[in-house]
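Reviewing the structure listed below.
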Amino acid sequence: MMEHSLPNLEAVLLVGGLGTRLRPLTLDSPKHLLPTAGVPFLAHQLAQARSFGVRRIVFATSYKASMFEPVFGDGSALGLELVYMEEESPLGTGGAIRNAADALTCADDAPVLILNGDILSGHDVGAQVREHVSRQAAVTLHLTEVDDPTRFGCVPTDSTGRVTAFLEKTPNPVTNRINAGCYVFTRSVIDTIPAGEVVSVERQTFPGLIESGALVLGYADQAYWLDVGTPAAFVRGSADLVLGRLSSPALPGPVGESLLLPGADVSAEAKVDGGTTVAAGAVVEAGATVTGSVLLEGSVVASGATVVDSVVGKGARVRSGASVRDAVVGDRSVIGAGNELQAGIRIWPDVTLSDCSVRWSSDI
Ligand code: GTP
């Protein structure tokens, strides 16, 4: 992380979404608090924001709103001032920014950083903010380049960096640059979003600003970037942090093949690698293989079981001879011998798959 001086920069963190794509992990918790490389996901984003000079952050909460403050408090332990704003019902990304802005203290012409609370990014936020200020833009969007832009809306710019359109998903995208979920707004521009209404920045605010002739800039780069909104991306993000592919001041241990938290019980004869995190009270028995995965508190991977690119929920058990790949095992569920989970299958909490020989997949 680079240290930049952006004194008194305020930020709004969008953390009110339902996280439906991450169910069942988000049935009891906002996705933003899921243990990621050993700490709540947001701990990485907060530490990174601080390293870029942010000192005050307004949380825009809605889904499971009361769960954030007990974890992060007033932020003083992190060197931050944290404020919590709640929407009674979700107002969408734009409505949430408008609602949270009531808690901002900066001047009308000051830049405000807006962060989607489910993004891991190594980009230079300081450079994005400086570009915004020097060009006197209304909004400056971080844009990232993806291999397959057909899965996203795309964001073309002209040769000066001005965003020319905000295009929906299409089979023939005009650029591989997409909205990366980190914006700089000039404070007064937030007041143009209608208050108390459901508004999407992507579908309404940005296209509206472009149409009105306001300067919407793109800040494009190729730094590490990941939206952890799906189970596959979530495990990848956690593993990348453990492996050091993205550095985080909040990583609670050295970078390496695995992160074994205090109280994890991992046999010296088990293979645990690929950026796996093993939580307190979780057990990996001799002869088990766990790669690129997240084992939550109290889970057990038995001798001879295999877990790859997966989440094993709290207190869940993967029995000897079971194989779990690209899957989520809900809290307290049991995967009996012979079961093969694969291809994005998600097992809800408290389910027992008894010993048998069945392949469970989301693509059959
Ligand atoms: P899915 O339900 O899985 O589609 O995801 P999501 O709606 O939780 O997240 P999405 O990636 O669509 O949203 C981007 C960011 O905005 C995430 O950090 C969400 O928590 C946040 N967000 C989305 N909708 C709202 C909202 O209505 N209010 C607030 N405060 N935040 C929101």
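Read-outs throughout are calculated quantities, based only on the coordinates presented, and are distinct from any laboratory measurement. Because the structure is a prediction, the values reported are computed rather than measured. Virtual Cβ from ideal backbone geometry, glycine too; neighbours counted across all protein chains shown.
The alpha carbon gyration tensor of the range 2-227 gives principal lengths a ≥ b ≥ c with a/c below 1.5, which makes the shape rounded.
Once both labels are positioned 7 Å from their Cα atoms along Cα-to-Cβ, the gap between residue 192 and residue 69 label points is 3.4 nm. Fully extending the segment from residue 176 to residue 320 would add 47.4 nm, taking 0.36 nm per residue of separation and subtracting the current Cα-Cα distance.
Working note: 222 nm ellipticity from helices only, DSSP H runs with n ≥ 4, each -39,500 (n - 2.57), summed and divided by the residues of the chain, gives -4500 deg cm²/dmol to the nearest 500. Of the peptides 140-151, 114-125, the ranking by mean beta-carbon count within 10 Å, highest at the top, reads 114-125, 140-151.
With a ≥ b ≥ c taken as the square roots of the eigenvalues of the C-alpha gyration tensor of the range 220-364, please select rounded if a/c is under 1.5 and otherwise prolate if a/b is larger than b/c or oblate if it is not? Oblate is the answer for the range 220-364, as a/c is 1.5 or above yet b/c matches or exceeds a/b. Of the beta bridges in the chain, as assigned by DSSP with both residues counted there, near 25 percent are antiparallel. Averaged over residues, the count of other Cβ atoms within 10 Å places the peptides 340-346, 251-257, 36-42 in the sequence 36-42, 340-346, 251-257, highest first. Computing Rg and the Kirkwood Rh from the Cα coordinates of the range 200-250 gives a ratio, Rg/Rh, of 1.17.
For the peptides 309-319, 20-30, residues were scored by their other Cβ atoms within 10 Å and the scores averaged per peptide; the highest-first order is 309-319, 20-30. Sequence-ordered 3J(HN,Hα) estimates for the range 41-56 from the Karplus curve with 6.51, -1.76 and 1.60 and θ = phi - 60° stand at 3, 4, 4, 5, 5, 5, 5, 5, 4, 4, 5, 9, x, 5, 10, 9 Hz, glycine and proline given as x.
Rounded to the nearest 20, the Cβ-based charge dipole of the chain about its Cα centre (Lys and Arg +1, Asp and Glu -1) stands at 340 debye. If I take R0 = 25 Å and measure r between the Cβ atoms of residue 76 and residue 280 in this structure, what FRET efficiency does the formula 1/(1 + (r/R0)^6) give, to the nearest 0.05? With a Förster radius of 25 Å, E is 0.50. Net length available on complete extension from residue 267 to residue 23 is 84.8 nm, with 0.36 nm assigned per residue and the Cα-Cα distance removed.
Quick check: the distance between the Cα centres of the range 181-260 and the range 306-343, to the nearest angstrom? The range 181-260 and the range 306-343 have Cα centres spaced 30 Å from each other. In this simple spin-label model, placing a label point 7 Å from the Cα along the Cα-to-Cβ direction at both residue 150 and residue 8 gives a separation of 5.0 nm. If R0 equals 22 Å, the separation of the Cβ atoms of residue 55 and residue 134 corresponds to a calculated FRET efficiency of about 0.55. If you take the square roots of the eigenvalues of the alpha-carbon gyration tensor of the range 242-284 and sort them as a ≥ b ≥ c, do you get rounded (a/c under 1.5), prolate (a/b over b/c) or oblate? Here the range 242-284 falls in the oblate category.
Rounded to 0.05, the FRET efficiency of the residue 255 and residue 169 pair, given R0 = 30 Å and the Cβ-Cβ distance, is 0.25.
The distance between label points at residue 352 and residue 105 comes to 5.6 nm (points 7 Å beyond Cα on the Cα→Cβ vector).
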